[in-house]
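First up is the structure itself, then whatever we jot down about it.
The values are calculated or read from the model by the stated rules, or taken from the named source; none is laboratory data. All figures in this text were calculated on a predicted structure; none of them were measured in a lab. Virtual Cβ from ideal backbone geometry, glycine too; neighbours counted across all protein chains shown.
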Amino acid sequence: MEEKPKCLKRRTFLKTVAGCALGAAASGIAPVWAVTSVFKDKHLQVWSCGGLAEAMMPAHRLYEERTGVTINYTGAFAAALGKSLLGSAQTEVFAGRVLDLAKKLRQAGKMVYFKPLCFTSYVLVTPKGNPGGINKIEDLAPPGVRLVLAPDASPPGGAAALAVLKKAGIFDSAMKNTVERGTCVQRVMDTLLAGKGDVSIVELRITRMAEFAGKLEVIPIPAAFFPPPPLTFTVGVMKYAKDRALADDYVSFLTSPEGQAFFEAQGFIPALSARGQELIEKLGVKDV
């Protein structure tokens, strides 16, 4: 049996969004996470980009416990899943990365609707003790810094880190300091853990993975340097949902305070959070 991971910030997050639940109660609408519904189908097929897996799996375990429904889950490369879904592939719910993909699925008539799910953010990571003395993004520019990157990693992993360097105005100098140009973001983390590099740029969610959590120093990067396209994750009901009520309930759970806490725990910015609401407006994360 899989153990449910501890959500260290879950209580704090739930407190900040409790108003959503109170508002629903005041209007006479019971929060979906407080209701046990009877669905005509007991199975739900869910696909998502692989980056969401660490948050989706514990969320699924709770949903299954609450409803008795079995979630048949697949997490894989978002672009490949999106291409398949725009073709002949079918699933009932899809949680994908990049807003344009959700809009394309809607415009193609494949997706009934989508909602904002969460957002990612980028950070600097260094070995414990920060031997390179890295405090800010500009510290990647001076000669002698050992920068580790994965420019050839599956999109948007590698390309996003390069975009951060460009937006910070240090691309050329930082690339001269690159001692490893890999093909896998997680292997970059292994290089840092081995002390073979001073710093890298990764998504905050990577630092929350079990194999890396607490083992590296994490330094924030100003949001002004983030590339917009990879920031957004959405979740939507597909036209192939066999039990629409079940699919709707599942999406409502993921976007409820309780469901969103799993994403916060794994390093994402929940759509329900104050910062998430700002990003929804800034990036135009609206259904078409």
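Could you tell me whether any residue of region 173-187 is touching a residue at least 12 places away in the same chain (Cβ under 8 Å), surrounded by 16 or more Cβ atoms within 10 Å (Cβ to Cβ) and closer than 17 Å to Ser121 by Cβ? Yes, because at least one residue in region 173-187 is touching a residue at least 12 places away in the same chain (Cβ under 8 Å), surrounded by 16 or more Cβ atoms within 10 Å (Cβ to Cβ) and closer than 17 Å to Ser121 by Cβ. So which residues in region 135-152 are surrounded by 21 or more Cβ atoms within 10 Å (Cβ to Cβ) and not in a strand (DSSP E or B)? Matches in region 135-152: Ile137, Leu140, Ala150.
Only a single criterion out of (1) farther than 27 Å from Gly276 by Cα; (2) at pLDDT below 95 is not satisfied by Ala141, namely (2). Based on what the data block shows, is Leu44 under 14 Å from Lys242 (Cα atoms), surrounded by 18 or more Cβ atoms within 10 Å (Cβ to Cβ) and either in contact with a Pro (Cβ under 8 Å, 6 or more places away or on another chain) or modelled with pLDDT of 95 or more (or both)? Yes: the conditions hold for Leu44.
Residues that are part of a helix (DSSP H, G or I) and either within 20 Å of the chain's Cα centre (by Cα) or of a type in the set (Lys, Arg) (or both) within region 222-246 comprise Ala223, Ala224, Phe225, Pro229, Pro230, Leu231, Arg244, listed in sequence order.
Surrounded by fewer than 20 Cβ atoms within 10 Å (Cβ to Cβ), outside any helix (DSSP H, G or I), without any contact (Cβ under 8 Å) to a residue 60 or more places away in the chain and not basic (Lys, Arg), is that true of Gly195? No: the conditions fail for Gly195.
Assess whether Val98 counts as being under 19 Å from Lys242 (Cα atoms) and crowded, with 16+ Cβ neighbours inside 10 Å. No, not satisfied.
In region 73-95, the residue that is surrounded by the fewest Cβ atoms within 10 Å (Cβ to Cβ) out of those that are assigned to a strand (DSSP E or B) and not aliphatic (A, V, I, L, M) is Thr74. Going residue by residue through region 208-221, is there one that turns out to be part of a helix (DSSP H, G or I) and out of contact with any strand residue (DSSP E or B) (no Cβ under 9 Å at 6 or more places or on another chain)? Scanning region 208-221, I find no residue that is part of a helix (DSSP H, G or I) and out of contact with any strand residue (DSSP E or B) (no Cβ under 9 Å at 6 or more places or on another chain), so the answer is no. Among the residues making up region 87-99, those that are in contact (Cβ under 8 Å) with a residue 12 or more places away in the chain and farther than 23 Å from Leu283 by Cα are Gln90, Thr91, Glu92.
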